[in-house]
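Worksheet: one structure, shown below.
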Amino acid sequence: MTLILRYGAVLVLVLTLAGMGCSSDKAASAKEPAPEQSSTPASSAVRVSAQPAGPAMHVDAARAMQYTKEIVAFGPRWDGSKAIDKVRAYIKGKLNGAQVEEDAFVAETSIGKVPMRNIIAKFPGSRDGVIVIGSHYETNYWLRDTKFVGANDGATTSALLLAIADQLRGKKLEGYSIWLAFLDGEESMTREWNSNDALWGSRHLAKKWQDDGTSKKVKAFLLADMIGDADLDIGRDENSTPWLEDLVLKAASSLGYQSHFFQTVTTVEDDHLPFARAGMPVADIIDLDYGYNNSYHHTTQDTVDKLSVESLKISGDVILETIRLVNGMGDNQPSSQPKKLT
Ligand SMILES: [Zn+2]
């Protein structure tokens with residue numbers, strides 16, 4: 001992983017961490033303090049005027065933590081393992097009562113052909129349009145001979161989606177439909193990040209939605225990644241759609257959680273990119289500061305004890321509040337796309 005730290009416009013430090021245990025599935029090509037946030041209240045930067053629509057929703061964060069523990073208990077769940085089949089069955093079992101679809105395909109990876117499956121749970125709304133919440137669920141193939149269980153990296157966010165499903169089940173949604181996308185194959189097959197050998201599930205699903213016209217109905221694609229960290233520090237991602245990032249910050253501010261959001265700026269390669277390239281508004285809600293110098297990331301230290309119920313509550317509730325804001329905005333969405341789209 002190459003991590004570039006910048007302060008304002010001045011490049012002061014380049015750290016090359018290649019060869020260390022934290023080679024990234026997300027190329028954080030830039031990380032810098034957010035100048036407009038560091039000296040002024042976070043909410044002052046919000047430029048969108050959407051008001052929340054529909055009843056407030058909250059996740060049961062303790063239950064999300066329990067789901068995290070249950071996913072982790074299956075052990076390393078790399079593509080091709082027996083554990084990943086069990087995790088898929090577990091996820092589908094927890095989605096009882098939802099309309100569940102599978103997007104199965106064979107990825108032509110550097111390690112050969114790998115069968116993969118995205119799982120999509122659909123909760124119908126009353127308006128024409130869809131808000132998607134995504135998370136990947138597998139662990140890294142190249143870490144298959146270790147005890148890496150990805151508690152924060154894949155398990156916690158998939159668990160969060162299951163807890164959100166619990167909130168949506170049986171409700172008549174007043175706004176757009178909400179789809180939960182459990183994505184396969186996010187991680188690079190090799191230790192060195194290679195975007196052509198990663199993001200398999202997201203690339204497949206984004207293309208499918210582009211081909212069948214679904215992409216035009218997607219009002220927002222919210223990606224959750226590594227946001228169970230007890231020391232929660234979610235960066236503003238320049239590969240995400242600015243107005244949707246503004247809504248995330250507005251949601252966090254309205255709930256009193258703004259200190260956990262956007263104190264830094266990052267440019268992240270993650271599952272949101274294929275959806276952005278297909279024209280959908282995207283926001284990657286990610287904390288790439290996991291342990292000192294991100295030292296827990298992609299190591300056997302990524303375990304449940306590094307997470308907290310409070311962080312799951314913050315992350316889950318901000319996602320649900322962002323959905324209310326997207327609903328409040330209706331069809332008056334700006335057409336802007338990410339500042340950078342690496
Ligand atoms: Zn990862």
Note down the relative contact order for segment 193-276 as a percent, whole number, built from C-alpha pairs under 8 angstrom at least six residues apart.
42
Considering amide H positions built from the backbone, and no H for Pro or chain starts, which residues 5 or more places from residue 107, or on another chain, come under 5 Å of its amide H?
114, 116
Karplus couplings for segment 313-326 from phi (6.51 cos²θ - 1.76 cosθ + 1.60, θ = phi - 60°), rounded to Hz, Gly and Pro as x?
5, 4, 4, x, 5, 5, 4, 5, 6, 4, 4, 4, 5, 4
The chain - accessible surface per residue (Å², probe 1.4 Å)
38
From the helices alone, meaning DSSP H stretches of at least four residues, give me the mean residue ellipticity at 222 nm for the chain, per-run term -39500 (n - 2.57), in deg cm²/dmol to the nearest 500.
-8500 deg cm²/dmol
Relative contact order of the chain: what whole-number percent is it, with Cα pairs under 8 angstrom and at least 6 residues apart?
25
Taking θ as phi - 60°, what are the ³J(HN,Hα) couplings along segment 266-282 by the Karplus curve (6.51, -1.76, 1.60), each to the nearest whole Hz, with x for Gly and Pro?
10, 10, 10, 9, 7, 4, 6, 4, x, 6, 5, 5, 8, x, 8, x, 10
Pull out a ≥ b ≥ c, the square roots of the eigenvalues of the alpha-carbon gyration tensor of segment 158-241, then state rounded if a/c is under 1.5, prolate if not and a/b is larger than b/c, and oblate in the remaining case.
oblate
Hey, what did segment 96-211 get for relative contact order, percent, Cα under 8 Å, at least 6 apart?
33
With Kirkwood's inverse mean 1/r over C-alpha pairs for Rh, give me the Rg to Rh ratio of the chain, two decimals please.
0.93
Kindly sort 204, 298, 58 by accessible area of their heavy atoms, largest first, with the probe set to 1.4 Å.
58, 204, 298
Amide H neighbours of residue 136 at under 5 Å, excluding residues fewer than 5 places away on the same chain, with H built from the backbone geometry, are 183
Can you run phi through the Karplus equation (6.51, -1.76, 1.60; θ = phi - 60°) for segment 249-259 and list ³J(HN,Hα) in whole Hz, with x for Gly and Pro?
5, 4, 4, 4, 5, 5, 9, x, 10, 5, 5
Share of accessible surface on carbon and sulfur in the chain, whole %, 1.4 Å probe and ligands ignored, is 52
In terms of modelled amide H atoms, which long-range or inter-chain residues lie less than 5 Å from the amide H of residue 53?
325, 327, 328
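The values are calculated or read from the model by the stated rules, or taken from the named source; none is laboratory data. Because the structure is predicted, anything quoted here is derived from the model rather than measured. Calculation scope for accessible area: heavy atoms of the full protein, side chains included, ligands and nucleic acids excluded. Shrake-Rupley method; radii C 1.70, N 1.55, O 1.52, S 1.80 Å.
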